[in-house]
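Structure incoming, see below.
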Amino acid sequence: MTATTRTALKWKAALALIFIIIASIMNWNWVWGILFIFWAINDLILGETHLVERITRADNPPIYWLTIVAWFVLSAFMFVPEAFWQSLGG
């Protein structure tokens, strides 16, 4: 017989998942902006990011930095009101 081990609940991840679900239902784009900023800062600290696969600053700097920049740019877009984008369209 093998003993089952319990791991501690990742409460921050669980809370973020609940918040993402609520934000999606409520159409709160600013939540995505906060998450993109959080992911970018966390990735800068760790020196790696995940975009379909693990990308490290040491092994693949161009893709790593493009991904980090993309997180910040996407974050900025999420904070711009929808009315602004519609006004550009005519």
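Readers should treat all values here as calculations from the given coordinates under stated rules, not as data from a laboratory. Keep in mind that this is a model prediction, so the values were computed, not measured. Here the Cβ is made from the backbone with ideal geometry for all residues, glycine too, and neighbour counts use every protein chain on show.
Over what distance in Å are the Cα centres of region 1-66 and region 73-87 separated?
22 Å
Please give the peptides 33-39, 70-76 ranked by average Cβ packing (other Cβ atoms within 10 Å per residue), highest first, as a rough proxy for protection.
33-39, 70-76
Moving on. Pairs of Cα atoms under 8 Å, at least six residues apart: use those to get the relative contact order of the chain, whole percent.
About 29 percent, as a whole number.
Rg and Dmax in Å for region 28-79, alpha carbons only: what are they?
Looking at region 28-79, its Cα Rg and Dmax stand at 10.9, 36 Å.
Bin width 10 Å, alpha-carbon pairs only: give the P(r) of the chain as whole percents, running from 0 to the bin holding the largest distance.
Here the calculated profile for the chain is 15, 33, 30, 17, 5, 1, 0.
Order by neighbour count: Met78, Met26, fewest other Cβ atoms within 10 Å first, most last.
In increasing order of surrounding Cβ atoms, one gets Met26, Met78.
Once both labels are modelled 7 Å past Cα along the beta-carbon direction, what's the Ser24-Phe72 spacing in nm?
Simple spin-label model gives 2.9 nm for this pair.
What are the trypsin sites (Lys or Arg not before Pro) within the chain that DSSP puts in a loop, where the Cβ has at most 15 other Cβ atoms within 10 Å?
Passing both the DSSP loop test and the Cβ count: Arg6, Lys10.
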